[in-house]
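The block underneath contains the structure these notes are about, expressed in structure tokens.
Bear in mind that the values in this text are calculations on the coordinates, not laboratory data. All values reported here derive from a predicted model rather than from experimental measurement. Here the Cβ positions follow ideal geometry from the backbone for every residue, glycine too, while neighbour counts run over all protein chains shown.
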């Protein structure tokens with residue numbers, strides 16, 4: 001799965017959580033800034049992402065994740081480490 | 001001096017409450033009258049928002065023990081146990097706690113918050129994995145952060161979800177520390193500890209249970225939910241607090257681990273904190289003896305919890321969990337919950353307002369805590385105050 005495929009899957013997961021705050025979610029959309037997800041919602045997002053991709057993402061890794069693209073990169077790294 | 005930008009953001013939230021003229025997070029009890037009554041805004045108020053589950057804060061035996069220690073050993077220890085020396089009472093309390101739980105050893109911390117910080121940060125570190133329930137108390141989250149370990153959340157009270165996440169760890173699962181609570185403080189719901197113990201065994205992992213809200217309330221002699229569910233032997237570390245059922249302040253961990261005694265040297269929240277004062281240690285030792293023998297108080301507590309739960313249920317309120325020492329009334333909207341909380345206070349009943357993100361599911365709630373010291377009349381008065389609310393019931 002390449003980076004763009006991962007971003008596309010993340011957009012599907014994020015759209016219901018965004019409640020219309022951002023019309024066009026993409027690579028550079030900020031999770032806490034533009035999407036206005038609070039810390040708890042971001043952690044719940046991680047639960048969903050872990051299940052979607054069947055991987056582990058420690059919540060301490062979130063400190064480095066600001067955008068949808070950052071999260072996709074983290075997933076990509078984890079998937080390639082598991083492969 | 002210029003304003004701190006982070007505190008300015010907090011100030012803005014406080015201002016929002018101030019404009020409503022309601023301050024649920026700055027309540028002052030001007031005078032405490034008993035375990036269940038205090039003077040607030042000059043009004044005699046029923047306290048249904050404490051964690052005084054057994055009502056031991058005014059227990060004459062406990063007060064006498066504290067007074068004697070105060071006179072004999074002074075007001076404070078003025079330092080940490082490691083740097084400045086333990087008093088005999090600190091170790092005696094640890095021996096008492098180990099005996100109470102039938103575990104090999106115990107360690108005492110200066111608060112319940114620090115017990116979680118001190119245990120988690122000493123047991124795991126960078127490169128290790130901690131599995132925590134999604135609805136964990138802030139002290140568990142903060143302990144994880146202090147440890148530097150990788151933190152994986154699993155869905156609340158869901159052992160199958162934990163097992164799924166353990167499987168993803170592969171060989172690392174055997175080294176994982178699983179942390180759950182017995183009773184969750186927001187809704188009062190109980191953990192399926194038997195299921196969690198089975199997952200722990202399946203992977204050969206380590207299990208820690210925080211019994212802050214279940215010690216003294218549940219189990220034989222008040223040993224908590226793990227005892228009630230028959231899995232105390234499977235819990236590697238039981239963490240608890242002196243500030244709820246025991247009516248004092250402080251925290252502890254009991255364990256069969258042969259390393260518990262040296263853990264104290266690896267636990268920064270233990271090493272770098274002043275130890276508990278002699279009066280608190282003596283009072284807690286006495287309160288522990290009282291708690292172990294207090295089957296009568298546990299029965300009164302359960303009867304009060306059932307009376308409140310049934311009363312509020314009959315009024316049509318949505319409640320968080322089956323009858324328990326914590327009875328949570330789900331309100332939903334934050335502003336509605338705020339007005340409801342204020343209404344109760346003006347009708348002489350103090351409860352806790354809880355709002356997201358501390359609460360699960362993004363819902364605001366009114367948390368009532370029941371005490372063995374409440375009279376049936378006080379429970380009925382709490383119900384009557386709730387009944388007088390004319391707003392939405394959620």
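Could you give the nm distance between label points at residue B:306 and residue B:68, where each point is 7 Å from its Cα heading toward the beta carbon?
3.7
For segment B:260-340, state the average projected area of the convex hull of the C-alpha atoms over all orientations, rounded to one decimal in nm².
For segment B:260-340, the mean projected area of the Cα convex hull comes to 9.8 nm².
Where does segment B:308-394 land on Rg/Rh, using Cα atoms and the Kirkwood Rh?
Taking Rg over the Kirkwood Rh, I get 0.93.
For chain B, take N as its residue count and report Rg(C-alpha) divided by 2.2 N^0.38 Å.
Normalised Rg, Cα atoms only: 0.99.
To the nearest 10 degrees, how steep is helix A:39-53 against the longest Cα principal axis of chain A, on a 0 to 90 scale?
40
Extending each Cα 7 Å along its Cβ direction at residue B:268 and residue B:1, get the distance between those two points in nm, one decimal.
Result: 2.5 nm between the two label points.
In terms of the ratio Rg/(2.2 N^0.38 Å) built on C-alpha atoms, what value belongs to segment B:268-313?
1.83
Could you pull out which residues in segment B:344-371 have an amide N less than 12 Å from a spot 7 Å beyond the Cα of residue A:36, following the Cα-Cβ vector?
none
Sorted from largest down, what three extents in whole angstroms do the Cα atoms of chain A have along their principal axes?
36, 24, 20
Nearest 0.05, what FRET efficiency do residue B:41 and residue A:23 give at R0 = 51 Å with Cβ-Cβ as r?
So, using R0 = 51 Å, E works out to roughly 0.55.
How would you rank A:29, B:249, going from fewest to most other Cβ atoms within 10 Å of each one's own Cβ?
Going from sparsest to densest Cβ surroundings: B:249, A:29.
Over the residues of segment B:145-295, compute the C-alpha Rg and express it relative to 2.2 N^0.38 Å.
That works out to 1.10 for segment B:145-295.
Before rounding to the nearest 500, sum -39500 (n - 2.57) across all DSSP H runs of length at least 4 in the protein assembly as shown and divide by the residue total; then give [θ] at 222 nm in deg cm²/dmol.
-13500 deg cm²/dmol
For segment B:37-100, max minus min Cα coordinate along each principal axis, in Å, sorted largest first?
The Cα atoms of segment B:37-100 stretch 45, 28, 22 Å along the principal axes, largest first.
Give me the base-10 log of I(q)/I(0) for segment B:51-145 at each q in 0.11, 0.16 Å⁻¹, Debye formula, one uniform scatterer per Cα, rounded to two decimals.
Reported log10 I(q)/I(0), two decimals: -0.49, -0.97.
For B:338, B:17, which order do you get if you count the other beta carbons within 10 Å of each Cβ and list the fewest first?
Arranged by neighbour count, lowest to highest, B:338, B:17 become B:17, B:338.
Apply 1/(1 + (r/R0)^6) to the Cβ-Cβ distance of residue B:10 and residue B:32, taking R0 = 30 Å, and write down the FRET efficiency to the nearest 0.05.
0.60
For labels at residue B:84 and residue B:256 in the simple 7 Å Cα→Cβ model, what's the distance in nm?
3.7
Quick check: convex hull over the Cα atoms of segment B:98-186, volume per residue in Å³, rounded to an integer?
Convex hull volume per residue, Cα atoms: 114 Å³.
Please arrange B:94, B:16 by counting, for each residue, the other beta carbons lying within 10 Å of its beta carbon, fewest first.
B:16, B:94
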